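Report on the structure given below.
The values are calculated or read from the model by the stated rules, or taken from the named source; none is laboratory data. Remember, it's a predicted structure, so these values are computed and weren't measured experimentally. No Cβ is skipped: glycine too gets one built from the backbone with ideal geometry, and neighbour counts run over all protein chains shown. In case anyone asks, the SASA skips ligands and DNA or RNA and just uses the protein heavy atoms, side chains included. Shrake-Rupley method; radii C 1.70, N 1.55, O 1.52, S 1.80 Å.
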Protein chains: 2
Amino acid sequence: MKSILFRFFGGLRISHKHKNIFVVNYRLFSSEPSLWIKPVVKNVYHRTHTCGELNSSHVGQNVTLCGWLEFQRLDRFAVLRDGYGSTQVIVPENSHEIIKELRRTPLESVVTVSGVVEKRPESQIKKVPTGEIEVIANDFSVINAVRKKLPFSIRNYNKASENLRIKHRYLDIRYPEMQKNLRERSKLLMKMRNYLINKENFVEVETPTLFRKTPGGAREYIVPTKCAGEFYSLVQSPQQLKQLLMVGGIDKYFQIARCYRDEGARPDRQPEFTQLDLEMSFCSAENVMELIEKVLFYSWPQQLQIPFPRLSYSDAMKMYGTDQPDLSFKCPIFEVTEVETYERDSTTTKGVKIPQAAEFFSGEVKKELSKITKDSAVEVTILNYKKKNFKSNEKSLLNFCINPEKFISNHCIESEDLVFIARGEEKKVLQLLGKCRVWYLRWLRSEGITGPWESDDKGKFLWLTDFPLFETAEDGSLNSVHHPFTAPHPDDLSLLHTNPLLVRGLHYDLVLDGYEVGGGSMRIHCPDLQKNILSMLNIFSSSLGHLIDALESGAPPHGGIALGVDRLVSLMVGAKTIRDVIAFPKTTDGHDPLSGAPSTVSDEDLDYYHIKIQSSKPVKL
Amino acid sequence: MKSILFRFFGGLRISHKHKNIFVVNYRLFSSEPSLWIKPVVKNVYHRTHTCGELNSSHVGQNVTLCGWLEFQRLDRFAVLRDGYGSTQVIVPENSHEIIKELRRTPLESVVTVSGVVEKRPESQIKKVPTGEIEVIANDFSVINAVRKKLPFSIRNYNKASENLRIKHRYLDIRYPEMQKNLRERSKLLMKMRNYLINKENFVEVETPTLFRKTPGGAREYIVPTKCAGEFYSLVQSPQQLKQLLMVGGIDKYFQIARCYRDEGARPDRQPEFTQLDLEMSFCSAENVMELIEKVLFYSWPQQLQIPFPRLSYSDAMKMYGTDQPDLSFKCPIFEVTEVETYERDSTTTKGVKIPQAAEFFSGEVKKELSKITKDSAVEVTILNYKKKNFKSNEKSLLNFCINPEKFISNHCIESEDLVFIARGEEKKVLQLLGKCRVWYLRWLRSEGITGPWESDDKGKFLWLTDFPLFETAEDGSLNSVHHPFTAPHPDDLSLLHTNPLLVRGLHYDLVLDGYEVGGGSMRIHCPDLQKNILSMLNIFSSSLGHLIDALESGAPPHGGIALGVDRLVSLMVGAKTIRDVIAFPKTTDGHDPLSGAPSTVSDEDLDYYHIKIQSSKPVKL
């Protein structure tokens, strides 16, 4: 065997039936052919246990483990790791062969160890799953050795830059944290499916991703076809398709659906993402919200209280300056009523008090926060009652025409409180204070600083309801706040043509700790109303002809929701970004450092798809 | 309310904050606004039962049903249908209001009926789920009326052309057959997931579909990005990604994965399709096959016998002329040993006998079959022993130098048998006879003709094993029979550079009734061997750098499989094409008559993606 290979390495010309094969680049081959033959011949690796399951009940048993050599010390103490955990291995002092083999095995090689489970000495017992035992090795062999210097070690979590971690994701996934994230994600989705299919009789239907462009909404990736000038679009959601399923009589549909959006470089967004997409017929908004509460109650690892509390859009804006309020913190926005001015003034003054947080508001933090405040068309002042400097804040209050004594007394300002005050147009004041509130409170939490601002509502889901149906675009035209298929609130129908901005949509958002994790609505099932709304939005119904046709062909009343799985899972496992719960994420600018995608394609491909690349927009003559 | 709307229909100009809204095309609106307001206001439709669940145990109960008006007769007998079944509704003779309403309601409108369940008269009881009862209506109302003439009725299944059915899929899905197909599909996939996750501890991991082009293999759709000249490719399978997961320590991975292939117009292929994709570490081919047997045993609606039988590639070729043998029929290919010739001849003569099938082999059938035989470089004769015309076949046998007496006696030819004989190069003879065999036997079955050719093995899964690793392309170069990551059989390693065409791959295909429903293999986990194979295939490893890097970083031995879900489900439910088990399929040429995809895109989109359309390949100067 070896001789044949070495002859071959020497450049043997081998002929067979039709062709002479001559492998020029024989340097590609390993200089040790034994290395590449062995693992193929021995093609069954029987492990008796994983590296995460042995405990004192296994003491005395002969076991065989397979895994990655995570660590070794003095060629006698080794740690074997797989996706389930780590096990400590001890090589007996007189096992010279194993010691020799262990010495020359690079860390992170795949190895197999056989041996006997023993209880660790009392002093070395650790409170981890396999911390009670160690395996005394009587056999050790390398299954597949690491051939190169690895870009980072799997011992120091998060020491590598994120870019490096994504580029070498096959190493990064070995971290226990990544293993946990991916495994918990799988479990959550399975529980959701289980509830929907087995308890509620839902049907999972796969809908196409190669579809026609949806008018309005996010930019959709286009996919050229062999027909010149004709493109598919990658769906941004199965919205239209699930509505068509309702018309088709699949009255309880769901799908864990892959969706696509070309949003350019946005942090915490991915070109492709996953949503739990769901639609029901003959239902009300209440039915959809109740269903989701039950789905989450059944599948969420922490105990949830249902029904979830609700907040109207207008209350959320008033109290938190955002439609994704973070109720894991207290400190709502309050009205500053102590403004004393004789001039008629259309501005509003509002504030947020973070009690006992003054001492942490350093110059550096202030500088970071000023990035948020500087571009707003709103006047802001920050009152820092550190070291009881009530006096020094007086000037700031007077500048805002606020009576300092009344202010301090009415709002119970105490020493060590921090207060943000903003004055300007009401909507902008609310938005800015909302941003400052969340930014500073999250910064405190990220630094591990707790205080009276922490709320018991952390980890509690919240419904946002009563959104407006329309908003005005910059050019004054009407836009959908959500999408053009959202049904208007029946009580507001009479306003549709008199004051459309006051019409509420039958829309509901699900929010967790300040992040929107889902949104849905009752849809318009009446074709005439749908055409009316599309026309108000200046969307030509020709591109939605199939939807109008469907609504005219016997459409049941229907509504649904979509939950963002990536965000939901990242909050569930406490990951810092959604990328940590995605097996192979792309960077924020849509690149995949692992494969090098996107990349150039061949001229043959371009010709086949009848496209040419233009590096810049041609000048219009 | 009404007055406001009618003022609006008259063309009222309504102004608000920023813009005058004037809906020009008010003819879009229904002339009966009551029609479009009603369903929105009444937004809860409480049904007590579906249209498929009432039986004699409900007699006497008050019920409310929601559904589609499938049929009505004499304005008094109606059938209400939903995704679960149909229920007969009787309107009492004196219910004039309901009779009037029913009369003017177009079929397929969405309606709701309340009434009392009664037992049908004995003579009218039918053996269908709701066949014992009828509902005596005391309330009937239209929820959403059909507004147009529908392109086809839901009463006559399969009368509409497939193109029309796909274009109006929201109607087509109302057919009980389509409902069943989609619901059974969902159930099968749920059972598979349940087995893999809950019984075998597999992890479902979602892998990206926007990736880098895989060298070799099918044509992949490309997706332009905002970076000029850079494209994603839509994955044809998660093959590389799941191998990277193995290197990352997810040792039991699966995914119900969406895959993409641009194969142009091929019947029974879709631009996007679904596969059960699966991979395991530290396993053997046996382990993968056993696992799949258990998955199917657990999830398949019919009782299966496991383990599945196995057939080697070479036996399958010899006996059935194909690697997807249809064992639901008997009649293997046999050797014709009665050839009498003095010339030295390199040709092979083989035959297939279909006993008692002569009478069905009409001139028309023969003509259809000749489309298969005409272009093959093989001589063919068809012996038709209809009406005992043994004599007339003698000449054909003599033309093939076959001794007629010996032939008839050795192969037990009897009256009414049909025999295909072919002579030529062995491989081509086998392939041709294999095609003729399956074409004619499937034609017989499609005509409802049964006979001694039917085998007891219908509906039984079969493993094909021992495939060759390589085949020769037309230019004489080596190609992978499956893909370049398939591990060679360890016993054949010594042939790799001496006679690569004799090397078997550790590959296995799963076949059901003549259709390949899955395929998998042990993968190469040794980087040196992988580089060697890529080099033999003339694939530059630069485009697979990430995979080689991964194999060099501690890759466990691993293998897996992918099952084609669309095909599997179509065989399970007995659908004629895979399109019947896909909610929104595309036509064989990749068009979606429903949405009109693919379609043109805006110049703004083309500019954003830096592409230009060229209608034909430019002339090279």
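Of the residues making up the range B:586-594, at least one is of a type outside the set (Phe, Trp, Tyr) and away from chain A (no Cβ under 12 Å). Residue-level check: of (1) in contact (Cβ under 8 Å) with a residue 40 or more places away in the chain; (2) assigned to a loop (DSSP other than H, G, I, E, B), B:LYS576 misses just (1). Somewhere in the range B:540-550, is a residue surrounded by fewer than 19 Cβ atoms within 10 Å (Cβ to Cβ), not in a helix (DSSP H, G or I) and not aliphatic (A, V, I, L, M)? Yes. In the range A:467-491, of all residues being at pLDDT 95 or above and more than 23 Å from A:SER543 (Cβ to Cβ), the one that is nearest to the chain's Cα centre (by Cα) corresponds to A:PHE467. Looking across the range B:424-449, the residues that are open to solvent by 30 Å² or more (accessible area, probe 1.4 Å) and either assigned to a helix (DSSP H, G or I) or in contact with a Ser or Thr (Cβ under 6 Å, 6 or more places away or on another chain) (or both) come down to B:GLU426, B:LYS427, B:LYS428, B:GLN431, B:LYS435, B:TRP439, B:ARG442, B:TRP443, B:ARG445, B:SER446. For the range B:530-558, a tally of residues being polar (S, T, N, Q) and at pLDDT 90 or above returns 5. I need the full set of residues from the range B:97-122 which are free of Cβ contacts under 8 Å to residues at least 40 places away in the same chain and either within 38 Å of the chain's Cα centre (by Cα) or within 24 Å of B:ASN55 (Cβ to Cβ) (or both), in order please. Listed by number, the residues that qualify are B:ARG120, B:PRO121, B:GLU122.
Matching residues to (1) surrounded by fewer than 22 Cβ atoms within 10 Å (Cβ to Cβ); (2) within 8 Å of chain A (Cβ to nearest Cβ):
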site: B:LYS191; (1), (2): yes, no
site: B:PHE211; (1), (2): no, yes
site: B:LYS226; (1), (2): yes, yes
site: B:TYR232; (1), (2): no, yes
site: B:GLY249; (1), (2): no, yes
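Reported count of residues in the range A:294-309, each being open to solvent by less than 10 Å² (accessible area, probe 1.4 Å) and not hydrophobic (A, V, I, L, M, F, W, C), is 1. Evaluation of B:PRO452 against the conditions (1) more than 14 Å from every other protein chain (Cβ to nearest Cβ); (2) assigned to a loop (DSSP other than H, G, I, E, B); (3) modelled with pLDDT under 95; (4) open to solvent by 40 Å² or more (accessible area, probe 1.4 Å) shows that the sole unmet condition is (3). Among residues of the range A:154-185 being open to solvent by 10 Å² or more (accessible area, probe 1.4 Å) and within 9 Å of chain B (Cβ to nearest Cβ), the one that is nearest to B:LYS586 (Cα to Cα) is A:ARG185. Does B:ALA218 qualify as being more than 7 Å from chain A (Cβ to nearest Cβ) and small (Gly, Ala, Ser)? In short, yes. Across the range A:389-429, the number of residues qualifying as acidic (Asp, Glu) and free of Cβ contacts under 8 Å to residues at least 60 places away in the same chain comes to 3. Taken residue by residue, the range A:515-534 has at least one member that is more than 10 Å from every other protein chain (Cβ to nearest Cβ), in contact with a strand residue (DSSP E or B) (Cβ under 7 Å, 6 or more places away or on another chain), over 30 Å from B:HIS168 (Cα atoms) and buried (at least 21 other Cβ atoms within 10 Å of the Cβ).
Of all residues assigned to the range A:310-333, none qualifies as being of a type outside the set (Asp, Glu), free of Cβ contacts under 8 Å to residues at least 12 places away in the same chain and either buried (at least 17 other Cβ atoms within 10 Å of the Cβ) or under 30 Å from A:GLN243 (Cα atoms) (or both).
Cβ separations smaller than 6 Å between residues 6+ apart or across chains give the following pairs from the range A:226-239 residues that are over 21 Å from A:LEU278 (Cα atoms) to residues that are small (Gly, Ala, Ser) and in a loop (DSSP other than H, G, I, E, B): A:ALA228/B:SER615.
Please indicate, with yes or no, whether at least one residue in the range B:131-146 is in contact with a Leu (Cβ under 7 Å, 6 or more places away or on another chain), open to solvent by less than 40 Å² (accessible area, probe 1.4 Å), over 29 Å from B:ALA597 (Cα atoms) and in a loop (DSSP other than H, G, I, E, B). No: zero hits.
If only residues of the range A:455-500 that are open to solvent by 20 Å² or more (accessible area, probe 1.4 Å), under 26 Å from A:GLN243 (Cβ atoms) and of a type in the set (Val, Ile, Thr) are counted, the one that is nearest to the other protein chains (Cβ to nearest Cβ) is A:THR465. Scanning the range A:251-283 for residues that are open to solvent by 10 Å² or more (accessible area, probe 1.4 Å) and more than 10 Å from every other protein chain (Cβ to nearest Cβ) returns A:ARG261, A:GLU263, A:ARG266, A:PRO267, A:ASP268, A:ARG269, A:GLN275, A:MET280.
Those helices (runs of 4 or more DSSP H) of the range B:1-114 in which at least 3 residues are at pLDDT 95 or above, considering only elements entirely within it, cover B:96-104.
Every residue, every condition in (1) at pLDDT 95 or above; (2) more than 30 Å from B:PRO585 (Cβ to Cβ); (3) within 14 Å of chain A (Cβ to nearest Cβ); (4) under 25 Å from the mean Cα position of the chain (by Cα), yes or no:
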| residue | (1), (2), (3), (4) |
| --- | --- |
| B:LYS242 | yes, no, yes, yes |
| B:TYR298 | yes, no, no, yes |
| B:CYS331 | yes, yes, no, no |
| B:THR341 | no, yes, no, no |
| B:LYS353 | yes, yes, no, no |
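Against the conditions (1) buried (at least 16 other Cβ atoms within 10 Å of the Cβ); (2) free of Cβ contacts under 8 Å to residues at least 12 places away in the same chain, B:ILE125 satisfies every one except (1). Within the range A:551-561, being of a type outside the set (A, V, I, L, M, F, W, C), touching a His at 6+ places or on another chain (Cβ under 8 Å) and part of a loop (DSSP other than H, G, I, E, B) holds for A:SER553, A:PRO556, A:PRO557.
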